[in-house]
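Here, each number is a calculation from the coordinates, and none is a lab measurement. Keep in mind the model is a prediction, meaning the values are calculated, not measured. Ideal geometry is used to build each Cβ from the backbone, glycine not excepted, and the neighbour counts take in all protein chains shown.
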Amino acid sequence: MGVSSRPSRRTNLALLLLLAGALATGWLAFGVEGAPQSRAVSVVHGVLGLGILVLSPWKTVIVRRGLRRRRGHALAVAFAVVVAVSLLAGVVHAALGPLEVAGVSALDVHVASAVAAVPLALFHVVHRRQRPRATDLSRRTALRAIAVGGTATLAYGALESVTSVAGLPGAHRRATGSYEIGSGVPSAMPVTQWFTDDVPRIDLDTYALLVSRPGQPTLRLSYDDLLARVGPNQSAVLDCTGGWWAEQAWRGVRLDTLLGIPDHGSIAVRSVTGYTRRFPPDDAAQLLLATHVGGVPLSPGHGAPVRLVAPGRRGFWWVKWVEHVSVEPEPWWSQPPFPLQ
């Protein structure tokens, strides 16, 4: 297939690029929700991962040779193991669905292994430096890269075809890679939150939502005040980075009825836990402070008394247990792409 039978430093460089690309597209997939772009990111992520498998026979020879020559290779072996585990778990999630063992899903293993691989990869690169050379940019190298990319693409297509023909759960996953769980049945929808959060205890009798707008006094709304403002049902899909999605009918108060449409800055939505996300001002008309789902009040695990519904955004934007919404001067993009708390 055009790849030299003699393993070389170019194999290591190619693997490094594939690993970096797979990590980057994996994190990007967590933030992308729209069907065309999320599907494209998902496909590229899968092809890059399978490209690592395509090069694994050559890397195996390099590893064997290194084990015979060097001592102190425990971290290199650990690096290879976590990468292999991440790849296997990714394939399992893509083909067999949200399988869980003792509450841990294949996607959890895939992501955790990828994160664990990062410091190991940095250590490996520092201690086994593979410096690019001008000769790497040759016609032969380009042909080898095309061959590896083509083989990985064919492998991805074959995996997708087998998954579809065999009727495996992966044939029904969303463009983001998520699987449908609990649509129309809120009680069947998983209870998940960001890893730094726990479900808080909130007394509805003392709860108040604070609404802050520039140049105006802060508005304080009790739970009963919010219920008096609740509008009609709004259908929206919650697509969680935990690997599942659900379409529900949500009811609540549209954010623009409380804030209007700000002409600058951002809309900050804060939880009682301190979890915060900022949104562009124009999103105010689409954002909903939901008090009900499926015709019943939210449960504590699903964000009661009030959670944000953010159509077109992944689940970590859907702030739970909201206690404060405000218009602030900072632009929405000034925040980290993923929450730090």
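Observations on the structure shown:
- Our helix-only sum for the chain, with -39,500 (n - 2.57) per DSSP H run of n ≥ 4 divided by its residues, gives a mean residue ellipticity at 222 nm of -14000 deg cm²/dmol.
- The three principal axes of the C-alpha atoms in segment 156-282 carry coordinate ranges of 61, 34, 32 Å, sorted with the longest axis first.
- Measuring r between the beta carbons of Leu168 and Ala74 and using R0 = 56 Å, the FRET efficiency lands at 0.95.
- Taking Ser138, Ser326, Ser42 as the candidate residues, the one with maximal mean-square fluctuation in a Gaussian network model of the chain, Cα springs under 10 Å, is Ser138.
- Potential lengthening between Ala102 and Phe123 on full extension [0.36 nm per residue; Cα-Cα distance subtracted]: 4.4 nm
- D_trans [Stokes-Einstein, Kirkwood Rh over alpha-carbon pairs] for segment 232-322, 10 °C, 1.306 mPa s, µm² s⁻¹: 121 µm²/s
- Selected from Val309, Trp332, Pro217, residue furthest toward positive end of dipole (the chain; charges at beta carbon): Trp332
- Theoretical FRET efficiency, 1/(1+(r/R0)^6), r = Cβ-Cβ of Ile261 and Arg229, R0 25 Å, to 0.05: 0.90
- Amide N of segment 324-341 lying under 18 Å from the label point, which is placed 7 angstrom from the Cα of Trp27 along Cα→Cβ: 333-341
- Stokes-Einstein translational diffusion, segment 9-177 - Kirkwood Rh over all Cα pairs, 0.890 mPa s, 25 °C, in µm²/s: 143 µm²/s
- For the chain, the share of alpha carbon pairs falling in successive 20 Å distance bins from zero is 27, 46, 23, 3 percent.
- Qualifying chymotrypsin sites (Phe, Trp or Tyr not before Pro) in segment 167-199, where qualification requires a DSSP coil assignment and no more than 13 other C-beta atoms within 10 Å, comprise Phe195.
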